[in-house]
Number of protein chains: 4
Amino acid sequence: MLEYTQHANAGDQVRREIEEVLAQGRTRFQEYLFFRSRMHGVCVVLDGDIQSCASDEAIYHEALVHPALLLHPDPKRVLIMGGGEGATAREVLRHPGVEEVVMVDIDEEFVSLCRELIPDWGGNAWEDPRLRLQLQDINVHLDEEGPGYDVVIGDLIDIHDWDSPAAELYGKAFYQRLAQRLNPGALLATQAGPLVPNDLHGHLAIRHTLYESFEHVRSYGVVVPSFYHLWGFALASNAPLDTAPAVLYRRFDETARARQVEIPMTGPEALAAAFALPHAILRSFER
Amino acid sequence: MLEYTQHANAGDQVRREIEEVLAQGRTRFQEYLFFRSRMHGVCVVLDGDIQSCASDEAIYHEALVHPALLLHPDPKRVLIMGGGEGATAREVLRHPGVEEVVMVDIDEEFVSLCRELIPDWGGNAWEDPRLRLQLQDINVHLDEEGPGYDVVIGDLIDIHDWDSPAAELYGKAFYQRLAQRLNPGALLATQAGPLVPNDLHGHLAIRHTLYESFEHVRSYGVVVPSFYHLWGFALASNAPLDTAPAVLYRRFDETARARQVEIPMTGPEALAAAFALPHAILRSFER
Amino acid sequence: MLEYTQHANAGDQVRREIEEVLAQGRTRFQEYLFFRSRMHGVCVVLDGDIQSCASDEAIYHEALVHPALLLHPDPKRVLIMGGGEGATAREVLRHPGVEEVVMVDIDEEFVSLCRELIPDWGGNAWEDPRLRLQLQDINVHLDEEGPGYDVVIGDLIDIHDWDSPAAELYGKAFYQRLAQRLNPGALLATQAGPLVPNDLHGHLAIRHTLYESFEHVRSYGVVVPSFYHLWGFALASNAPLDTAPAVLYRRFDETARARQVEIPMTGPEALAAAFALPHAILRSFER
Amino acid sequence: MLEYTQHANAGDQVRREIEEVLAQGRTRFQEYLFFRSRMHGVCVVLDGDIQSCASDEAIYHEALVHPALLLHPDPKRVLIMGGGEGATAREVLRHPGVEEVVMVDIDEEFVSLCRELIPDWGGNAWEDPRLRLQLQDINVHLDEEGPGYDVVIGDLIDIHDWDSPAAELYGKAFYQRLAQRLNPGALLATQAGPLVPNDLHGHLAIRHTLYESFEHVRSYGVVVPSFYHLWGFALASNAPLDTAPAVLYRRFDETARARQVEIPMTGPEALAAAFALPHAILRSFER
């Protein structure tokens, strides 16, 4: 039996039965593996970490995208950092007021593999004229592009080794450059590692760095069943973020209705509830 | 290396590194295993299923106990079914208005093992004069005892095989007998298996059966990290249950304050958010 | 991490780290998987069982082929049943007196995969004019072909389920048909499952059936490290088989020298020693 | 399910289903674990390595003891280094001419555990007046004891880390002291790690060091099924060692008969065959 094994933390492992390996190899930038698991459909692995599985990628991508877009009063230009599977763009493009989505992914080969092997993850996004796909280094993009983003979505790999090159995109210098490209009132949303009370160092590192470039930072978490963890995200902005649950409920619900945005796998209530973290986690946050 | 392996579902496994096996054997009723895991401290296993681990048993037990007790306006008599570890009683007894907690666990040997090996899980409960411990079959208890419970907490093992004898305690006949012992306005809370969108049969079976004896049933879920799942619970009552998130937030918060009940690991906000399940789960509920 | 997991027996498992999956799929007849393991190079799996790994396939194939060929005074025509990887033919063709090797493998697609993915296992055999490759059912071959084999090599998959169709090729009726196609003095050698003292049922079943068609049967075993077992083989003949170790040593050594047959991975001494099984195994043999 | 996991090498693992953990802890010298596996009965683990399992400990201990004792013309005094399970002494004492067995094991607590948990492994040895048990450092023993051993059996843990303190007992200095305590014609037999063609470094290290203190060294290997490897041993002596298979067969057989020594699990033939290693291993030996 083929299996995919991944450490859930320093002591526990998750093993998944594999039905078929669809592709395995190395692009110029990373190692990839696409396999179909017995329980979760096709799973995408980059550098040894599961990125998403078909059974619940929509939970992950809805949670990554919609809180920021619903909290922004009128998001017109959106930047996606990474997002090669296409699912992040798919969710952003549900918001009818969005005029342009710039998706910057350094790895052309990986994006091609996704379009070939998991075309439905991107859905109509790949053909949507509002999507501008830039297969280049995000730093080059930031050099060349003028300012003007309303929302930035960070759909980059999670970092285990904070000395690795990829960790730069979660670093202070990078966030500061990014902050300069944002419109007033803009929001950044990023995946931010697992939210496990006794194993929060990765999430705390991201929160800490965001606070060096943004005045307001909020953590939230959603259960992505195939991740076997509460998965963490962070919202950051220089505009105030009112994430009191009662406020969020009303706001997500009303805005989604007004924009006629469907959020099929999670919904406004579950997204609002994602901001109500247990004390066991909250007490690790400094502020 | 010693490991504990458990199927997370039909295709995936979780393996935990064990530092020490504390006790292993068989009582008259079940197989037990107490081990200290590297990540989660002491874990208690019955009949091959992890019941709780020290690192987050409080999240599980707070979620099992407090929603029902906070929603009841004045819970005085509480029945715990099972609960041998003592932690459920510990949480119930936080509510100062509770006058009597009857804990009925059939397995005297298991309760003794818990008091010896994990005494802090029960905390002061074992010495609290309000606790009445009955080491007998819950059916015998229901035969002998008069009515009069305000809240019933079902802290029984999860069922994989719905033809097993233990499944009887999640069955229609049993719930109907139980319903007859309840005071008006009483609530039942029970653990109700994992809440995983593509693997909900266990939870749905419990919901379905509860609806045969109670007018109102609500599902909620809390992340217990050592379970590697969103863990499900069900509330049932013949009195209306208003679990709109905004209502719950206010109610949990106000009631906890009024009773001066501490809910240290989760808190009123996270418990209220537990009722806001994602559409991916809700759409499997018939009503 | 990708892994390949296989039960070593009813209680133990072997897990192998996989570097790359080379091919995976289903032919008309069987499921195949070719992967490169970290320790053993490319491994070939059929219907969930490892057939051979590059690191020690030569030990397996030398042990399968050379005892029978060295014990026959002048093997001219050899039949290989199965053997799609090509390595069995490679070993048979080392014997210069062999005039024709008929290799009958039912699975053309699998043979093609082997020639593409592990071409060196067959070595020069695929081009050797003495090799006649017949991609058909062995039963059809036996119907069409006249008698006249000096040695038959059974390189078929090991049987776990004795009710499966493949088990027929280890059955009494098949062996009796086969016996009728043999020249006087001919030998049959077949793989015969693991030789583990407390788990011998598979090997014993093969011995038992061989004894129904042949007067003399001998078991021998060789350590194939990547199998994690002493692997069993059986020799059968209607001519007497003198396998006293001292006799075998001399005979293997002298014959190998006389024929100038190299046996690079095992050698005549180790092959002779393979017949000296421990009492723990011998006492399970009826005769 | 409880499992015991051990690396078979750098890429593969063996996982064993555990029925019961009998004892687990730490003596002054080492970590121990006694468990009953589903396939192999009680297994003894020291410092994370399986020492032996009930199902085939006799194969291991017969192979460790009898070649040396059968090759010595008249072994009277035997030293066992380690051997806490008692099984090595049990095998040595089968030889009726043995007058004294000095068993030196540093770990009194481990020896007590073995006598309590696996008393049948020692059999009658613990009560045999010829056994002298010394619970002390072997170095202290060598300081205090005069010379005069005919056979020395090294039943010490296998070494993974050649910089660890235990590695000293496989080192040049130690072997040279030991060599000075031996009678003329004496033999040393020691366990010598797995014999796997592409993973021989441990065995080669032991061979190399033995050659620095003894003129003649021979390797041999026996399949211990619960080890999932061909297990290696080494014989060393300053007297010539004629281990040509034909010679060994006759000698083991005749001597075992003459002494009326039963070797129930392996037997003289299998022990002689243990010296006929495959070329794949032999070619790694320098001499």
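Among B:PRO194, B:PRO165, B:PRO75, which one shows the highest mean-square fluctuation when chain B is modelled as a Gaussian network with alpha-carbon springs under 10 Å?
Among B:PRO194, B:PRO165, B:PRO75, the largest mean-square fluctuation in the Gaussian network model of chain B belongs to B:PRO165.
C:LEU135: net charge of surrounding residues, Cβ under 13 Å, Lys/Arg +1, Asp/Glu -1, itself excluded?
-2
Where a ≥ b ≥ c are the square roots of the eigenvalues of the C-alpha gyration tensor, would you call the range B:150-277 rounded, which needs a/c under 1.5, or, failing that, prolate if a/b is larger than b/c, or oblate?
Judged from the Cα gyration tensor, the range B:150-277 comes out oblate (a/c at least 1.5, b/c at or above a/b).
Roughly speaking, what is the stretch gain from B:ASN183 to B:HIS160, that is 0.36 nm per residue apart minus the C-alpha to C-alpha distance, in nm to one decimal?
Between B:ASN183 and B:HIS160, full extension yields an extra 5.2 nm.
At a 4.7 angstrom Cβ threshold, list every cysteine in chain C that has nobody to pair with, or say none.
Those would be C:CYS114, since no other cysteine Cβ in chain C comes under 4.7 Å of theirs.
Exposure proxy check: B:PHE233, B:PHE227 ranked by fewest other beta carbons within 10 Å?
Final ranking by Cβ density, sparse to dense: B:PHE227, B:PHE233.
Note down the magnitude of the dipole of the range C:104-246 about its Cα centre, charges +1 on Lys and Arg C-beta and -1 on Asp and Glu C-beta and zero elsewhere, to the nearest 20 debye.
600
Please give the net charge around D:GLU31, taking every other residue with its beta carbon less than 13 angstrom from that of D:GLU31, where Lys and Arg add +1 and Asp and Glu add -1.
Summing Lys/Arg as +1 and Asp/Glu as -1 gives -4.
Assuming R0 = 30 Å, can you tell me the calculated FRET efficiency for the pair A:GLU145 and A:HIS201, based on Cβ-Cβ distance, to the nearest 0.05?
Once the sixth-power term is evaluated, E becomes 0.35.
Indicate the gyration tensor shape class of the range B:57-282 (rounded, prolate or oblate), computed on the Cα atoms with a ≥ b ≥ c the square roots of the eigenvalues: a/c under 1.5 is rounded; otherwise a/b larger than b/c is prolate and the rest oblate.
Rounded, because the longest to shortest axis ratio a/c is under 1.5.
Which value, in debye to the nearest 20, describes the size of the charge dipole of the range C:2-53 about its Cα centre when Lys and Arg Cβ atoms bear +1, Asp and Glu Cβ atoms bear -1, and nothing else is charged?
The dipole magnitude comes to about 120 debye.
For the charge dipole of the range D:154-273, defined by +1 on Lys and Arg C-beta atoms and -1 on Asp and Glu C-beta atoms about the Cα centroid, which residue among D:ALA272, D:TYR228, D:ALA166 has the Cα displaced farthest towards the positive pole?
Highest projection toward the positive end goes to D:ALA272.
Based on the Cβ-Cβ distance of A:GLU262 and B:LYS172, what FRET efficiency does E = 1/(1 + (r/R0)^6) give at R0 = 35 Å, to the nearest 0.05?
According to the calculation, E is roughly 0.40.
Springs between alpha-carbon pairs under 10 angstrom, Gaussian network model over chain C: which of C:PRO268, C:PRO119, C:PRO67 fluctuates most?
Its mean-square fluctuation being the largest, the pick is C:PRO119.
Over all alpha-carbon pairs of the range A:243-287, lay out the pair-distance distribution in 10 Å bins, whole %, shortest bin first.
26, 44, 22, 8
Quick one: in the protein assembly as shown, what % of C-alpha pairs are over 49 Å apart?
43
In whole percent, what relative contact order does chain C give with Cα contacts below 8 Å and a gap of six or more residues?
16
Can you compute the label reach from A:ARG250? Point 7 Å from Cα along the Cβ direction, backbone N cut-off under 19 Å, restricted to the range B:223-247.
Hits in the range B:223-247 for A:ARG250 at 19 Å: B:243-247.
Of B:LEU204, D:LEU200, C:LEU195, C:LEU235, how do they rank once you tally other Cβ atoms within 10 Å and put the fewest first?
Placing the least packed residue first, the sequence is B:LEU204, D:LEU200, C:LEU235, C:LEU195.
Going by how many other beta carbons lie within 10 Å of each one, how would you line up C:ILE80, C:ILE59, A:ILE118, fewest first?
Arranged by neighbour count, lowest to highest, C:ILE80, C:ILE59, A:ILE118 become A:ILE118, C:ILE59, C:ILE80.
Once you have a ≥ b ≥ c as the square roots of the Cα gyration tensor eigenvalues for the range C:69-199, tell me rounded if a/c is under 1.5, and otherwise prolate or oblate according to whether a/b is larger than b/c.
rounded
How big is the charge dipole of chain B about its Cα centre, in debye rounded to the nearest 20, if each Lys and Arg gets +1 on its Cβ and each Asp and Glu gets -1 on its Cβ?
Approximately 800 debye in magnitude.
Residue by residue, what Karplus-based ³J(HN,Hα) values in Hz, rounded to whole numbers, does the range C:5-10 have, using 6.51, -1.76 and 1.60 with θ = phi - 60° and x for Gly and Pro?
10, 9, 5, 7, 5, 5
Starting from a label point 7 Å past Cα on the Cβ side, list the distances from B:VAL247 to the same position in the other copies, nm, shortest first.
In ascending order, 2.4, 9.2, 9.5 nm.
Run down the aspartates and glutamates and flag those whose C-alpha is under 19 Å from the C-alpha of C:LYS172, throwing out any fewer than 8 positions away in its chain.
C:ASP137, C:ASP143, C:ASP155, C:ASP158, C:ASP161, C:ASP163, C:GLU212, C:GLU215, C:GLU286
As I understand it, the dipole of the range A:57-282 uses +1 on the Cβ of Lys and Arg and -1 on the Cβ of Asp and Glu, about the Cα centre. Which of A:THR255, A:ALA189, A:GLY154 lies farthest toward its positive end?
Farthest towards the positive end: A:THR255.
Identify which of A:THR255, A:THR27, A:THR190 has the largest mean-square fluctuation in a Gaussian network model of chain A, with springs joining Cα atoms closer than 10 Å.
Its mean-square fluctuation being the largest, the pick is A:THR27.
Which net charge results for the neighbourhood of C:LEU271, defined as the other residues with beta-carbon distances under 11 angstrom from its beta-carbon, given Lys and Arg at +1 and Asp and Glu at -1?
Neighbourhood net charge equals -2.
Values quoted throughout were computed directly from the atomic coordinates according to the rules given, and no laboratory measurement underlies them. As the structure is a prediction and not an experimental result, all values here were calculated from the model. In this analysis, Cβ positions are derived from the backbone assuming ideal geometry, glycine residues included, and neighbour counts consider all displayed protein chains.
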